[in-house]
Amino acid sequence: MIALGLALLAGCVDQIAEHRIRGNAHARRGDHRAALREYESGLRLRPNDAAILILKGNSLFELGRLAQAESTYRKALREAPDSGDAILGLALLEVRRGRRPEAIRLFERLLLQNPNDSGTLLNLGRLYLATGDMARARERLERAVQLQPDDPATLYNLGTLELRASRLDQAAARFAAVDRIAPDRAYGPYGLAMVAAKRGDEPAALRELRRAISRGLDDPAAVRRDEAFATLRASPEFQSLWPAEPRVRE
């Protein structure tokens, strides 16, 4: 009887693992509906499995079902109160909702678990930057760049912080580093364009924006709204960086 019971348990575990593996494969392909079906099948066999609950929460998040994602992450936390993945899921959910204070609280909780996690430090730096807490933003971002000196996202956010502090040489140095490290991305030249605009150097700002466009910058409305380019809005050259959208004939 004991042998039979162990065999049945092993079979159940194998089925749970199969559902998780298949779900993960669907999620990697971006098919989160199919992934969700597999995770739910696994949870029918083990309803309180924290790992599968987190995976289910991730797929719900990707599908935009935020309330269900939140309840799933919270259930996972009840089963595994120190789960960094569940806390991360909740933090990213609050970022998606635009609830920055709540996101900061959750990321700070993650940081207590792992003070040297560069991703957590970067996320906190971004959030503090967005809320105007420049001192905390600088502290978190400088710690992140010590851990990952060549991370373009961290360097870009540090450049943005220096730009807001009107430390233009330091900002330009950060953005130039991004340009060297990620020569196929638009972030470096975009940052350098912001610095040039702040200096009143319109030709340099336009030149760097053209480089950013050549690397895939394709949101003209966002660029025109960006306060960094407020002084360029009246410039015909700035307005003509992208072709005008054709008018729909009524």
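Using the rule -39500 (n - 2.57) for each DSSP H run of four or more residues, divided by the residues of the chain, the 222 nm mean residue ellipticity is -24000 deg cm²/dmol. For the range 18-91 versus the range 94-172, the inter-centroid distance based on Cα atoms is 27 Å. Residue by residue, the range 222-235 carries 3J(HN,Hα) couplings of 5, 5, 5, 7, 4, 4, 4, 10, 4, 6, 9, 4, 7, 7 Hz when phi is fed to the Karplus relation 6.51 cos²θ - 1.76 cosθ + 1.60 (θ = phi - 60°); x denotes Gly or Pro.
What FRET efficiency comes out for residue 166 versus residue 222 if R0 is 35 angstrom and r is the Cβ-Cβ distance? Round to the nearest 0.05.
0.95
Given a Förster distance of 30 angstrom, what is the FRET efficiency for residue 14 paired with residue 109, based on the Cβ-Cβ distance and rounded to 0.05? After rounding to 0.05, the efficiency reads 0.30.
Only the coordinates and a few stated rules stand behind these numbers; no lab work does. Since this is a predicted model, take the numbers as computed values, not measurements. Every residue, glycine as well, gets a Cβ built from its backbone with ideal geometry; the counts of neighbours run over all protein chains shown.
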